[in-house]
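**Student:** Before anything else, here's the structure in question.
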Amino acid sequence: MARYTESVCRICRREGQKLFLKGDRCYTDKCAVTRRAYAPGQHGQGRRKLSEYGTQLREKQKVRRAYGILEGQFEHYFEMANKKEGVTGENLLTILESRLDNVVYKLGLAASRPEARQLVSHAHFTVNGKKVNIPSYLVKPGDVIAVREKSRKSPKFEMILASTEGRIVPKWLDMNRDTLEGKVVALADREDIDLPIEEHLIVEYYSK
């Protein structure tokens, strides 16, 4: 599967805001968006007014990159959201938040979504007692996500827990840091999304 291999800080600079792809670094003065608040590249500092289509495209790209999703999969999620009852844009965000890699990140078991995706792929987690190594796995209310027994005492998770100490877990999740288990209490609501997203622009983009 194709994946982005360049500096993820360029992604944040391109979108003009922090997408928190580098974990702790994003909260410090070393953050690339803080140090160079303009788009990367030779013409990054030039001012350019976006068209209506360009604004919609940028919003779609921002969300896709924040969650680390390829184009085809993002379109699939939009189709799923469009078929569900309710507001399509909000449905889309709920689906994205339900991905296992995002849930691991929100529980504080990874410093960033890219790290969570890697940890899930390396089979460090179980869902309801069964090993799951698919980052795009969609969790449901009642699911229990836990660090696998043999991974719990690894130095890696000790560092992660130290770096995520104090992170607020959203109300739709419940986390026990002593047992390294989290539970999905409910699906995420619109107000639970902490990224500045204008989902109506994504709906308009796909409605053309």
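No lab work stands behind these numbers, since they all come straight from the coordinates. Quick caveat, the model's predicted, so the values are computed rather than measured. For neighbour counting, all protein chains shown are included, and Cβ atoms are generated from backbone atoms with ideal geometry for every residue, glycine included.
**Student:** Seen from all sides and averaged, what is the projected area of the convex hull of the Cα atoms in the stretch 100-208, in nm²?
**Tutor:** The Cα convex hull of the stretch 100-208, projected and averaged over all directions, gives 7.5 nm².
**Student:** Using θ = phi - 60° and the Karplus curve 6.51 cos²θ - 1.76 cosθ + 1.60, what whole-Hz ³J(HN,Hα) does each residue of the stretch 50-55 get, with Gly and Pro shown as x?
**Tutor:** Once rounded to whole Hz, the list reads 7, 6, 4, 5, x, 5.
**Student:** Please find the FRET efficiency linking Y53 to R148, where r is the Cβ-Cβ separation and R0 is fixed at 45 Å, and quote it to the nearest 0.05. Don't jump to the answer; show the numbers that get you there.
**Tutor:** Values: r = 45 Å, r/R0 = 1.01.
The value I calculate is 0.50.
**Student:** How do the peptides 152-162, 69-79, 137-147 rank, highest first, by the average count of neighbouring beta carbon atoms within 10 Å per residue?
**Tutor:** Averaged packing, sorted descending, gives the order 137-147, 69-79, 152-162.
**Student:** Subtract the Cα-Cα distance of M159 and D178 from 0.36 nm times their separation in residues, and report this length gain in nm to one decimal.
**Tutor:** On the way: separation 19, 0.36 × 19 = 6.84 nm, distance 1.46 nm.
Going from the current span to full extension adds 5.4 nm.
**Student:** Step through the residues of the stretch 176-183 one at a time and calculate ³J(HN,Hα) from phi using the Karplus curve (6.51 cos²θ - 1.76 cosθ + 1.60, θ = phi - 60°), rounding each to whole Hz and writing x for Gly and Pro.
**Tutor:** 10, 6, 6, 9, 6, 10, x, 10
**Student:** Same structure again: Compute the length gained on full extension between K131 and I168: take 0.36 nm times their separation in residues and subtract their Cα-Cα distance, giving the result in nm to one decimal. Don't jump to the answer; show the numbers that get you there.
**Tutor:** On the way: separation 37, 0.36 × 37 = 13.32 nm, distance 2.60 nm.
Taking K131 through I168 to full extension adds about 10.7 nm, to one decimal.
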